[in-house]
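Accompanying notes for the structure given below.
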Amino acid sequence: MVDPDLLNLKLIEICVKTDSREGVLKRLARLLIDNGFVKESYLQAILEREKQFPTGLPTEGVGVAIPHADTEHVIKPGISIATLKEPVIFNVMGSPDEQVDVSIIFMLALSDPNMQLELLQNLVQVLQNKELLLSLTKVKDKSDFINLLKKHMKIGCSEGI
């Protein structure tokens, strides 16, 4: 099972209004910074990494992005998540010339490569479930979002500090 403290109500935003990929990346990184999960350097690292290694995934039904930065910027592991009111364009992972409209972002702040592998394996279960992704975009409450996600992942939940 993945560390239960990864999902934290303080790191989730529902129905975010933004007009750009950079806007939502900055917002999610700021949640991680302000709640002590990552260093201030994480913000610039996430923006630079996204330019070089895009993280958009054209999953069925709902586009998803999984931005992350190197472990040197992480204080403690966490996932900052946003659902967007309107999708924003991300470049596609592995095909940077292609674009995808993204409505859910899972921003990873992980310090252990083993945890990253296990978490990505769990996220794949979510990404392959069109109905779940569509449901996640419709949830209006952070607790409901976490509970729905937990049903489909081997992960716990924390209320935070």
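Where a number appears in this text, it was derived from the coordinates with a stated rule and is not lab data. Nothing here was measured: the structure is a model prediction, and the numbers come from that model. No Cβ is skipped: glycine too gets one built from the backbone with ideal geometry, and neighbour counts run over all protein chains shown.
What distance in nm separates the two pseudo spin-label positions at Lys17 and Glu86, each 7 Å out from Cα along the beta-carbon direction?
Going from the Lys17 label point to the Glu86 one covers 1.0 nm.
Enumerate the residues in segment 39-62 having an amide nitrogen under 19 Å from the point lying 7 Å beyond the Cα of Lys26 toward its Cβ.
Under cut-off, by backbone N: 39-52.
Starting from the 7 Å offset along Cα-to-Cβ, what nm value, one decimal, do you get for the label separation of Ser95 and Leu120?
It is 1.9 nm.
Indicate, rounded to the nearest 5 percent, the antiparallel portion of the DSSP beta bridges found entirely in the chain.
60
Quick one: dipole size for the chain, taken about the Cα centre, charges +1 on Lys/Arg Cβ and -1 on Asp/Glu Cβ, in debye to the nearest 20.
Numbers: 18 positive and 22 negative charges, 84 e Å.
Dipole of the chain, to the nearest 20 debye: 400 debye.
With volume of the Cα convex hull per residue in Å³ as the read-out, I listed [x] 98; [y] 114; [z] 128; which label goes with the value calculated from this structure?
Answer label, from the structure shown: [x].
Could you work out how far apart the two model spin labels at Asn147 and Lys76 are, taking each label as a point 7 Å from the Cα in the direction of the beta carbon, and quote it in nm?
Between Asn147 and Lys76, the simple spin-label model gives 2.5 nm.
Relative to the present Cα-Cα distance, how much length would full extension add between Glu60 and Leu47 at 0.36 nm per residue of separation?
On the way: separation 13, 0.36 × 13 = 4.68 nm, distance 2.56 nm.
Computed gain between Glu60 and Leu47 is 2.1 nm.
List every residue whose amide H lies under 5 Å from the amide H of Gly61, counting only residues 5 or more places away in sequence or on a different chain, with H placed 1.01 Å from N in the peptide plane.
Under 5 Å from the amide H of Gly61: no residue qualifies.
Which order, highest average first, do 40-52, 63-75 follow once you tally other Cβ atoms within 10 Å for each residue and take the mean per peptide?
My ranking of the peptides, most packed first, is 63-75, 40-52.
Highest first, please rank the peptides 21-32, 129-140 by the mean number of other Cβ atoms sitting within 10 Å of their residues.
Going by the mean number of other Cβ atoms within 10 Å, highest first, we get 21-32, 129-140.
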